[in-house]
Structures are given as structure tokens and as C-alpha cells.
Ligand SMILES: Nc1nc2c(ncn2[C@@H]2O[C@H](COP(=O)(O)OP(=O)(O)O)[C@@H](O)[C@H]2O)c(=O)[nH]1
Ligand SMILES: [Mg+2]
């Protein structure tokens, strides 16, 4: 199947080197294994870097086992063992770039709580696709917040995308329906549907989102080709709760981790995959149109231990 948003050819280690500081220099590995203190210290560091309880336990267990078998020599060996296990955790999502429809339009549904960066992410994706020569339409299915459609409209004009919007306070599912119709009739390559931010605890709005998803599925077979949950990288473990809650309404196929430029912790990438099985596909690194990168697991693994030993 065709893919959109290919990984950058040169790997950007810099980002991950900066955001996950896993200094391992004083974590001791003795010939017969690791002592309790060192294991605890490693565990604390992984938790502090947002790896979450499940992934942290898995990593510490594996490293301890490898050390006991004499397979971990010194801090270098420790970093290698961790790298290997993180690679294994991230492997299921490793080649997962954005799916494209066999026949246009490709439809992406963008969801997430308020202020995480949904609309900005849509602008960034649209910008990238326009630069690749594809036609793009954006749909303002955020009919809830005053000014939401205007904000999306400004971005659409800037990047050269078409805009479909509905009545303020109208039915977001109807906007999504109309947008697919318009995208089909105008031969648009990619349709990006923006939705209203909602607290994952708001049942009414979650029900509304479920309806948008249902209508999209019924209107176009195979759509949405991706449901991207945008998460704010600075919220830490709360990101896991958000994913859990959104999974009750829609089927997220990938995560956009926005605001990674403002976060000092990147382990959440591993936590999301390990605990929920949903891969991070894109990473937001600023407010500008070019500040979006395809997530590259290899660059992540190389980057996080680059300054650690
Ligand atoms: N630093 C930084 N800011 C971002 C990023 N993505 C979005 N923002 C900012 O976050 C704020 C909310 O973004 P918006 O797209 O309106 O969020 P929405 O409510 O989810 O649609 C805006 O000020 C954006 O400029 C990012 O990757 N890095
Ligand atoms: Mg928005």
C-alpha cells in the first residue's frame, strides 16, 4: 500500500539526545549481575523519562537477566541491552508510515483534547503534502469553538488547501460527510478532518466524535485511512489516559506527539507502544509549518543513549 510522509533520509538524533537524558554512568554492572541499588537507579531514570511502569519493568527485567548471564559488560553494554529491548518494543510500529488510499481521496481524521495542536498539525501535514504536489482539502468539523473554522481557513489559504466548513454550532458529522463528497467530486488527493477538542472525560462530545467516525466509515469504504490522535508531549503519563479514553470512541492508528520541542522527556513514545500498542508516527517540534517530522525509531534509539555513556 502506498505511504505518505516518508521518513527523512538523514536521521535526526539531535532531538532525542536532547529530550531524553538517560545518564547511565553511575549505574554499575558487576560481573555477576546488577546490584539492587543500580537496578533501582535505572528504574527511577526510566520512569522520570516517561517510559511508564510497564515498559520500565520490562526494560529493567531484561537488563537484569542479561547482566546475570554475563552478557552485559559495563555501561556500554547496559546501553546496548536497553537499546535492543527498546527496538523490540517499537518494532511493531517501525515501518508504519501514513497509509494512503488505493484510490483518492485519502482521508485522515485528527482527534485529541483541546489545545494539543490538532489544527497546527493539520496545517503542517497539508503543507508537506502540498510541497509533494498533492491536492489537499481540510474540513472544519470543529463546529463547537467559535473561531475554529476561521483559524483552519487561514492555514488552508497559507498552504494552498481547500476548505470545507459548516454552520457554527452545526453537526460535525455532516461537515465530514459533505467534505468527503466535495473531495471526491473535485478529485482531491488527501482530506484532513479537524475535530473539536474535547476533554476525554466529556461523554457527550465523545459520543459526537463516535458519530463523525461512523459517518466517515459509512460514506467512504476504507476511510478514515488514518485516525491520528494528537498528544501534547509535555503532559507526561496523562497521554496514556487520553489514548485509552479516545480508543473508546474511535480507533487511533497513530499518534502525533506535538510540542516535543518543549518536552524534556521522550520515553512516552515507548510507553504508548508498550501499553496501548499504538505507534507514534509524527512528532511536532515547533509552531512553524515545517516543524513536523516522521518518527524514526532508529534515530530515537540511537539518540537517547548518545550522550548517556
Ligand atoms: N512549541 C510547539 N507548539 C505547538 C506545536 N504544535 C502546536 N503548537 C501550539 O499549540 C497551540 C495550540 O495549537 P492548536 O493547533 O490550535 O491546538 P488544537 O486546539 O488541538 O487545535 C498553538 O499555540 C500552537 O502554535 C509544537 O509542535 N510545538
Ligand atoms: Mg483546533
Residue 196 - would you say it is within 16 Å of ligand 2 (Cβ to nearest atom), in the same structural domain as residue 292 (by TED's automatic domain parsing) and either farther than 20 Å from residue 120 by Cβ or in contact (Cβ under 8 Å) with a residue 24 or more places away in the chain (or both)? yes
For residue 213, all conditions in the list (1) buried (at least 18 other Cβ atoms within 10 Å of the Cβ); (2) closer than 23 Å to residue 127 by Cα; (3) away from ligand 1 (no atom under 16 Å from the Cβ) hold save one; what is the number of the exception? (2)
What's the total number of residues in region 249-269 that are in contact with a helix residue (DSSP H, G or I) (Cβ under 7 Å, 6 or more places away or on another chain), more than 12 Å from ligand 1 (Cβ to nearest atom) and part of a loop (DSSP other than H, G, I, E, B)? 7
Given the conditions (1) buried (at least 22 other Cβ atoms within 10 Å of the Cβ); (2) under 24 Å from the mean Cα position of the chain (by Cα); (3) in a helix (DSSP H, G or I), report the number of the one that residue 207 does not fulfil. (1)
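State whether one or more residues within region 257-267 are assigned by TED's automatic domain parsing to the domain that holds residue 132, surrounded by fewer than 16 Cβ atoms within 10 Å (Cβ to Cβ), more than 20 Å from residue 141 (Cα to Cα) and free of Cβ contacts under 8 Å to residues at least 24 places away in the same chain. Talk me through it step by step, then tell me what you get.
Quick first cut of region 257-267, residues assigned by TED's automatic domain parsing to the domain that holds residue 132 only: 257-267.
So of that shortlist, the ones also surrounded by fewer than 16 Cβ atoms within 10 Å (Cβ to Cβ) come out as 262, 264.
Add one more test, that the residue is more than 20 Å from residue 141 (Cα to Cα), and what stays is 262, 264.
Imposing the further condition that a residue be free of Cβ contacts under 8 Å to residues at least 24 places away in the same chain reduces the set to none.
Looking for residues that are assigned by TED's automatic domain parsing to the domain that holds residue 132, surrounded by fewer than 16 Cβ atoms within 10 Å (Cβ to Cβ), more than 20 Å from residue 141 (Cα to Cα) and free of Cβ contacts under 8 Å to residues at least 24 places away in the same chain, one finds none in region 257-267, hence no.
The values are calculated or read from the model by the stated rules, or taken from the named source; none is laboratory data. What you are looking at is a predicted structure, and each value in this text was computed from that prediction instead of being measured. Note that we place each Cβ from the backbone using ideal geometry, even for glycine, and neighbour counts take in every protein chain shown.
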